[in-house]
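To start, the structure under review is shown below, and the notes come after it.
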Amino acid sequence: MGFFKNYRVYMLTTVAYMGSLLFGYDTGVMSSVLSLKSFKIDFNLPLATTGFASKTNAHISQNVVSLLTAGCFFGAIFASFANDRLGRKKSLLGFTFVFLIGAIIQVTSLHHISQVYVGRFVAGLGIGGMSSITPIYVAENCPAEVRGRITGLFQEFLVIGSTFAYWLNYGVSLHLKPSTSQWRIPIGLQLVPGGLLFIGLFFLKESPRWLVKQGRYEEATASLAYMRRDEIDDPEVLKEIADIRAAVEEELNLTEGVTWKEVLIPGNRYRFAVAFTIFLCQQFSGTNSIGYYAPQIFQTVGVSKTNSSLFATGVYGTVKVCATGLFLIIGIDKFGRRNSLLIGAAWMAVMMWIIGGVLHDHPPTNVNVVSPASIAMVVMIYLFVIGYSASWGPIPWVYVSEIFPTRLRSYGVALAAATQWLFNFAVTYMTPSAINHIGWKIFLMFGIFCAANFVFVYFFIKETKGRTLEDMEILFGTVEADVRAADIERMLHKGAIHDDQIENVGKGDQKVAPAAAPAQEVPAVDEKTVS
């Protein structure tokens with residue numbers, strides 16, 4: 001019954017997370033395209049096949065990959081303003097259009113790598129904006145009991161996109177002769193999910209929490225009732241709308257409507273610091289060094305032939321998809337956020353140290369043979385990504401979309417996304433040169449970072465499993481529980497939705513319940529009761 005009750009939430013999630021799928025596809029497709037002989041020929045690159053042994057290929061790889069993440073950084077920043085002013089739906093439409101322009105520039109590139117650079121940066125603007133908005137949009141429409149699972153699908157769609165790109169590149173490498181179409185087909189196919197996202201958004205409704213923030217209570221009630229598949233006068237719908245309105249009013253009363261002052265409140269300041277740090281930790285776990293450069297990483301550990309490294313990359317993506325999906329189905333809402341992050345950090349650190357140790361003691365010497373040591377390192381990479389997929393992959397996106405109040409959620413998630421892209425840029429830009437210069441020590445370095453992640457989670461991450469978005473104010477200490485309960489009662493009984501208006505709803509005309517009295521007419525929260 002849970003799925004059928006929430007099927008509209010899953011439909012919204014499927015459409016919105018096409019943006020996440022694009023994120024994964026666009027990163028996965030270039031990591032493999034860069035290793036194709038046809039791409040190297042068309043752009044006059046050395047035909048090296050041993051990871052980042054060629055400094056020229058390492059430099060080109062740095063630019064092609066990092067320019068996407070640079071665009072994503074700026075897109076995430078722009079999204080914070082668009083998201084707050086235009087709403088979730090209109091902002092997503094705009095950033096999807098920007099992405100489609102970037103994809104067209106990439107696929108039409110003609111022997112000038114600079115055109116690929118421009119296309120990657122423009123596409124990054126769109127992807128960065130979408131990465132800031134879609135977790136908010138989905139979280140604000142989800143019931144609390146399944147929010148972790150549904151919001152975590154952001155990561156599942158991401159890894160599906162990258163895995164599809166890995167296998168597609170393996171297919172074109174295996175079955176198409178080196179030609180310009182061999183690399184244009186994988187790059188051009190990203191226009192399909194981009195187009196589906198753009199069209200699908202026209203059929204979705206705006207976030208009820210954003211509508212409440214704008215004072216559009218009738219539309220918010222109708223939107224929430226639609227997503228919950230209930231009547232607009234259903235007690236549970238009215239209770240949830242009252243809860244949302246109470247939370248928004250508390251934020252207004254605490255700061256007199258000035259958003260920047262809210263950041264300085266201790267509970268909010270703590271949340272912004274956590275959002276920044278959790279994504280810094282995610283990026284320095286080493287996952288994107290493998291995800292963006294998987295074929296070259298596998299070549300580095302001894303799987304040297306292009307087709308073999310692409311096949312190993314495809315298996316890597318498949319393991320990631322399965323592990324992420326399994327964790328979202330049975331893990332995230334059972335084990336919680338904090339415990340999963342702790343176990344994942346410890347597991348990933350151990351795997352990285354094993355890879356570094358084996359590579360140090362048994363470096364690959366024969367490019368025509370895959371040694372037992374190389375097979376062991378490949379297995380460790382797969383085990384590493386299982387740990388990541390059950391912790392640091394999906395949970396940071398879920399966590400930052402949960403912890404912020406409605407009025408600050410777009411800014412908080414934008415900060416988190418911008419942090420993700422900033423350090424994503426730093427890590428992916430330095431990876432080719434680092435492997436080229438320090439070799440096995442890069443795995444040792446990432447293992448140390450994973451151990452540091454464990455320490456951060458142990459001391460600073462609070463458990464949010466099973467709580468409503470409005471409960472976060474209580475968890476982080478900006479509102480007392482008894483104050484919240486009193487405010488909800490006031491919203492229900494002192495004008496949130498009038499009983500005589502509700503009686504006229506659903507009697508054939510399907511009118512939406514009229515709005516409550518204007519916000520300024522509702523008594524302010526007693527300052528003595530606000531912490």
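Contact annotation: residue pairs with Cβ atoms under 6 Å, 6 or more positions apart or on different chains, pairing a residue in the range 412-430 that is farther than 11 Å from residue 396 by Cβ with a partner that is among the hydrophobic types (A, V, I, L, M, F, W, C) and open to solvent by 40 Å² or more (accessible area, probe 1.4 Å), are 418/73; 418/77; 421/73; 422/73; 423/280.
Cβ-Cβ distances below 7 Å connect the following pairs, each with a first residue in the range 175-191 that is assigned by the TED database to the domain that holds residue 39, a second residue that is open to solvent by 60 Å² or more (accessible area, probe 1.4 Å) and not hydrophobic (A, V, I, L, M, F, W, C), and a separation of six or more residues or different chains: 178/37. Could you tell me whether residue 210 is of a type outside the set (Lys, Arg) and in the same structural domain as residue 36 (by the TED database)? No.
What residue, among those in the range 117-152 that are of a type in the set (Ser, Thr, Tyr) and open to solvent by less than 10 Å² (accessible area, probe 1.4 Å), is farthest from residue 84 (Cα to Cα)?
Let us first name the residues in the range 117-152 that are of a type in the set (Ser, Thr, Tyr), namely 117, 131-132, 134, 137, 151.
Narrowing further to those that are open to solvent by less than 10 Å² (accessible area, probe 1.4 Å): 131-132, 134, 137, 151.
Numbers: 131: 15, 132: 11, 134: 13, 137: 12, 151: 20 Å.
In this case the residue turns out to be 151.
Put simply, of 297, 290 the only residue that is under 20 Å from the mean Cα position of the chain (by Cα) and within 20 Å of residue 162 (Cβ to Cβ) is 290. Residue 243 fulfils the conditions (1) without any contact (Cβ under 8 Å) to a residue 60 or more places away in the chain; (2) open to solvent by 10 Å² or more (accessible area, probe 1.4 Å) except for a single criterion, (1).
Kindly indicate whether residue 373 is more than 32 Å from the chain's Cα centre (by Cα) and part of a helix (DSSP H, G or I). Steps first, answer last, please.
Numbers: more than 32 Å from the chain's Cα centre (by Cα): yes; part of a helix (DSSP H, G or I): yes.
Spelling it out, residue 373 is indeed more than 32 Å from the chain's Cα centre (by Cα) and part of a helix (DSSP H, G or I).
Exactly one residue among 27, 49, 69, 96 is surrounded by 18 or more Cβ atoms within 10 Å (Cβ to Cβ) and at pLDDT 90 or above, and that residue is 96. In the range 102-123, which residue that is without any contact (Cβ under 8 Å) to a residue 24 or more places away in the chain and assigned to a helix (DSSP H, G or I) is nearest to residue 185 (Cα to Cα)? Only one residue fits best here, namely 105. Within the range 389-426, the residues that satisfy the criterion of being open to solvent by 10 Å² or more (accessible area, probe 1.4 Å) and either at pLDDT below 85 or more than 29 Å from residue 479 (Cα to Cα) (or both) are 390, 407, 411, 422, 423, 425, 426.
Considering the range 480-489, the residues that are open to solvent by 50 Å² or more (accessible area, probe 1.4 Å) and of a type outside the set (Asp, Glu) include one that is nearest to the chain's Cα centre (by Cα), namely 481.
Filter the range 404-418 for residues that are closer than 19 Å to residue 277 by Cβ and assigned to a helix (DSSP H, G or I) and give the result. Across the range 404-418, the qualifying residues are 408, 409, 411, 412, 413, 414, 415, 416, 417, 418.
Can you tell which of 162, 181, 173 is of a type in the set (Ser, Thr, Tyr) and surrounded by fewer than 23 Cβ atoms within 10 Å (Cβ to Cβ)? Steps first, please.
Numbers: 162 fails: surrounded by fewer than 23 Cβ atoms within 10 Å (Cβ to Cβ); 173 fails: surrounded by fewer than 23 Cβ atoms within 10 Å (Cβ to Cβ).
Only one candidate qualifies: 181.
Hey, among the residues in the range 339-361 that are of a type in the set (Gly, Ala, Ser) and within 14 Å of residue 449 (Cα to Cα), which one's surrounded by the fewest Cβ atoms within 10 Å (Cβ to Cβ)? Can you show your working first?
Step one: list which residues in the range 339-361 are of a type in the set (Gly, Ala, Ser), which gives 340, 344-346, 349, 356-357.
So of that shortlist, the ones also within 14 Å of residue 449 (Cα to Cα) come out as 344-346, 349, 356.
Details: 344: 25, 345: 26, 346: 16, 349: 23, 356: 21.
The residue in question is 346.
Scanning the range 367-388 for residues that are open to solvent by 10 Å² or more (accessible area, probe 1.4 Å) and of a type in the set (A, V, I, L, M) yields 367, 369, 370, 373, 375, 376, 378, 379, 380, 383, 386. Each residue in the range 10-25 was checked for being part of a helix (DSSP H, G or I) and in contact with a helix residue (DSSP H, G or I) (Cβ under 6 Å, 6 or more places away or on another chain), and 11 pass.
Residue under question is residue 477, and the condition is that it be surrounded by 19 or more Cβ atoms within 10 Å (Cβ to Cβ) and among the small types (Gly, Ala, Ser); does it hold?
Details: surrounded by 19 or more Cβ atoms within 10 Å (Cβ to Cβ): no; among the small types (Gly, Ala, Ser): yes.
The answer is no for residue 477.
The values are calculated or read from the model by the stated rules, or taken from the named source; none is laboratory data. None of the values given here were measured: they were computed from a predicted structure. Ideal geometry is used to build each Cβ from the backbone, glycine not excepted, and the neighbour counts take in all protein chains shown. What goes into the accessible areas is simple: the full protein's heavy atoms, side chains included, and nothing from ligands, DNA or RNA. Shrake-Rupley method; radii C 1.70, N 1.55, O 1.52, S 1.80 Å.
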